[in-house]
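Rule-based calculations on the coordinates, nothing more; no lab input. Bear in mind that the values here come from a model prediction, so they are computed numbers and not experimental data. Neighbour counts are summed over all protein chains in view; Cβ atoms, including those assigned to glycine, are modelled from backbone coordinates with ideal geometry.
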């Protein structure tokens, strides 16, 4: 069978069975997930063996250490993946709930019932844990799922999907609720992105080139999971100690993730004290790059250029700009931010109101680290990524965001 | 200036000012809309004169009566359009509301604040009233808007936009919150659909070819407003009189709209009585097309083919199929429906539960006409169209559906 027909067949199958799958009880969905969690632990030897193949091939190709680490599974990681499936299993489900129902003057009762989206497709890159996370979140939210992982992880992903599909059958359901595109050819992605008749939403999860490729080419509605050029604004009325802790945490607790801070904006009035203390705190771990005013306070650091303001370093680098007031900070953020996570540190009520109202981002923080933008931290359990678009979902994509609604309208013979 | 730069410039402008516009008060938005409503009435002579130009050109081209009627404005229609703007002005606004706020174990307070989408673009066809409706709904929901109407209505739309922009300036705001693409060349649409950096959502409003064109080509997230291949299932436990009234209303009150019924499914046990009565009621107005079993009861009607089951007639034609049970009805609907509006007529609780749970559509009705799928009828005031996709909004697109949210997170120095 050629690649196109293979992809079409899998997508058709996912669509065909999605209505029936949407109707099973949450107890059944929970049961499927518990079988998956168990099976992952029991078959860890097999999974690690297959993962080893990917790792060897990757080493031959001379892949970077960071990428190798992303690709690598071990007993502990499989245990954690399995745990995460159990956590998803135990999340409360809102499927079938009618969140609000109102009565019209003509007596019609109109309500919105929570239902699954239908078929969710995910295109992702090297990390094999995404295979399991995505499957678990889709199963819990009543969706059938089409998985398309990176070619470097093809053996690991095939093994994981085998384990998942076995577990689903053991639980008494059709393994076809989880479809896996086991073709590494890019053509498979191109074909997948055309199939809007069968697929309700496409979630790309990975680097900017993957995200842009789907935006440019997908005919299926996309939930964009984007970059994080995040800022912390330290106001003149900031508690300096809180500000130091927050910037330190937002920068160095995990610089490679999208919710880490890249640029800090500091109010002129406290810049001298704050920046000197910050430099002492982070100098040995972080490369500072400063605007002209910053260089007067910290002449030993590199100058920042316009390019710095728009860069998501994902590294131990911090850009620093001194601003005259909160207006300048807001303007800078709304110009350069990728609308992910933005924070202010201040004790001033008026300034807080202004910042909360005027910053356009998925998450706007007051006196807290940007690192909290995460499904788990928001109380959603696991997540499918962080949405930086405005349609449908913004911020962490949890199981509720993988649902839609249908109107149910109860009448007694009404006509118009 | 060439077409591409002109479109880019308008989209950039809409983006540039959308953050500021999002922050004005609802009192101000209301005021702008009241100015627009007034100005439309005061300038009706000018609008009608310009409309006359479009009508003359259309007649020269030998356009159909139906299309001419869509294009035509008169005093009464302008009065109704103006009234509709006032209605939108007076709708309650949820912008800035925080719908829910919860406290995490670490003390962080996390809430979801309602905010505008930003920049909304609408591509529509002949009806000039859409120009005003779309502008009013976007202004009320805090969005800047880019309008692109059909070439047949270019003079009417230019006049309406002039009136709207004048009114906005009289109210003391920038007329640039309403951008109008006054180029009829198709290139303008092609360019517009690429500008995802500036436009947050694209709503195509018109026939299937327009909708499909945007799905195939837009890089901006689209809210699909689609076709309505709607069904009414008359169950064995139906109240026959209610069923007759409902089918009559759903078919003939306005056959040209998307929420009109196209196929009815009738339970075998009551088919004889119901279909004979329905034929007497509608025979002189509607062309019946039946399945084989139907032809045994009504041998005088035309046979229906598979093509009929998938056709949205938008005309005085009704396809009829006799089914063995509710399962067969549900299966038929989930196969052929465009997921717009589907109804059941029955007094049986178990059958109702089954139908409500298993039908996949934007609106699922019990004992009421499908004709109620409409923003006004749902209590939303005006609407931007009926969404038949699952992402973001399903069914009538009201002002709340033109908003998104941002997380506001209040902390006291929390780090992760």
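With r defined as the distance between the Cβ atoms of residue B:348 and residue B:100 and R0 fixed at 56 Å, what FRET efficiency is calculated, to the nearest 0.05?
0.90
Considering chain A as a Gaussian network with a 10 Å cut-off on Cα pairs, which listed residue, A:27, A:171, A:227, attains the greatest mean-square fluctuation?
Fluctuation is largest for A:27.
Taking the mean number of other Cβ atoms within 10 Å as a proxy for protection, how do you rank B:362-368, B:244-250, A:312-318 from highest to lowest?
B:362-368, B:244-250, A:312-318
Averaged over B:345-356, how many beta carbons belonging to a partner chain fall within 10 Å of each residue's beta carbon?
Working: counts 2, 0, 1, 0, 0, 0, 0, 2, 0, 1, 1, 8.
Per residue, the average neighbour count from other chains is 1.
Can you figure out the FRET efficiency of residue B:46 with residue B:416, using R₀ = 56 Å and their beta-carbon distance, to the nearest 0.05?
Computed FRET efficiency for residue B:46 and residue B:416 comes out at 0.40.
What shape does the stretch B:5-59 take by its C-alpha gyration tensor, where a ≥ b ≥ c are the square roots of the eigenvalues and a/c under 1.5 counts as rounded, a/b above b/c as prolate, and the rest as oblate?
Oblate, because a/c is 1.5 or more while a/b does not exceed b/c.
At residue A:65 and residue B:9, where each label point lies 7 Å from the Cα along Cα→Cβ, what is the point-to-point distance in nanometres?
Result: 5.4 nm between the two label points.
What are the distances, in nm and sorted shortest first, from the label point of residue A:97 to the label points of the same position in each other copy, with each label point placed 7 Å from Cα along the Cα-to-Cβ direction?
1.7
Does anyone have the angle between helix A:240-252 and the longest principal axis of chain A? Alpha-carbon axes, 0 to 90°, nearest 10?
Result, in degrees: 50.
To one decimal in nm, how far is residue B:252 from the same spot in the other copies, if labels go 7 Å from Cα toward Cβ? Please give the shortest first.
Distances to the matching label points in the other copies: 8.1 nm.
Would you please calculate the Kirkwood hydrodynamic radius of the stretch A:100-211 over all C-alpha pairs and express it in Å, rounded to one decimal?
15.5 Å
Mind listing the label-point distances from residue A:86 to the same position on all other copies, shortest first, one decimal in nm, points 7 Å along Cα→Cβ?
6.5
Against the longest principal axis of chain A, how steep is helix A:154-170, in degrees 0 to 90 to the nearest 10, with axes from Cα atoms?
50 degrees
Just to confirm the number: angle between the C-alpha axis of helix B:326-336 and the first principal axis of chain B, 0 to 90 degrees, nearest 10?
With both axes taken from Cα atoms, the answer is about 50 degrees.
What average count of beta carbons from other chains do you get within 10 Å of the Cβ of residues in B:389-399?
On the way: counts 7, 13, 11, 8, 4, 6, 6, 1, 0, 0, 0.
Taking all residues of B:389-399 together, the mean is 5.
Nearest beta-carbon of B to the rotation axis carrying it onto A: which residue, how many whole Å?
Its Cβ sits closest to the axis: B:392, 2.
Going 7 Å from the Cα of residue A:269 toward and past its Cβ, which residues in the stretch A:329-356 have a backbone nitrogen under 15 Å from where you end up?
A:329, A:345-352
Relative contact order of chain B, please, whole-number percent, based on alpha carbon pairs below 8 angstrom and at least 6 residues apart.
18 percent
Please compute the volume of the convex hull spanned by the alpha-carbon atoms of the stretch B:92-148 and report it per residue in Å³. Before the final figure, lay out each step's value.
On the way: hull volume 5.1 nm³, N = 57.
For the stretch B:92-148, the hull spanned by Cα atoms encloses 89 Å³ per residue.
For chain B, what is the calculated [θ] at 222 nm in deg cm²/dmol (nearest 500), taking -39500 (n - 2.57) for each run of four or more DSSP H residues and dividing by its residue count?
So the helix-based figure for chain B works out to -13500 deg cm²/dmol.
Under the rule a/c < 1.5 gives rounded, and otherwise a/b versus b/c splits prolate from oblate, where does the stretch A:230-376 land using the Cα gyration tensor?
Values: a/c = 1.36, a/b = 1.13, b/c = 1.20.
It comes out rounded by the Cα gyration axes.
7 Å from Cα along Cα→Cβ at both residue B:197 and residue A:34: what's the point-to-point distance in nm?
In this crude spin-label approximation the distance works out to 5.3 nm.
If a/c stays under 1.5 just call it rounded; otherwise compare a/b with b/c (prolate if a/b is bigger, oblate if not). Do that for the protein assembly as shown, with a ≥ b ≥ c from the square roots of the Cα gyration tensor eigenvalues.
Note, shape of the protein assembly as shown comes out oblate.
Per 10 Å bin from zero, what fraction in whole % of the C-alpha pairs of chain B is there, up to the bin with the longest pair?
5, 20, 26, 22, 17, 9, 2, 0
Would you tell me the mean number of C-beta atoms belonging to other protein chains that fall within 10 Å of each C-beta in B:213-223, as a whole number?
Per-residue shielding by partner chains comes out at 3.
Considering only DSSP beta bridges whose two residues both sit in the protein assembly as shown, what percent are antiparallel, to the nearest 5?
Of the beta bridges lying entirely in the protein assembly as shown, close to 25 percent run antiparallel.
If you restrict to DSSP beta bridges whose two residues both lie in chain A, what percentage is antiparallel, to the nearest 5?
Roughly 30 percent of the beta bridges in chain A run antiparallel, per DSSP.
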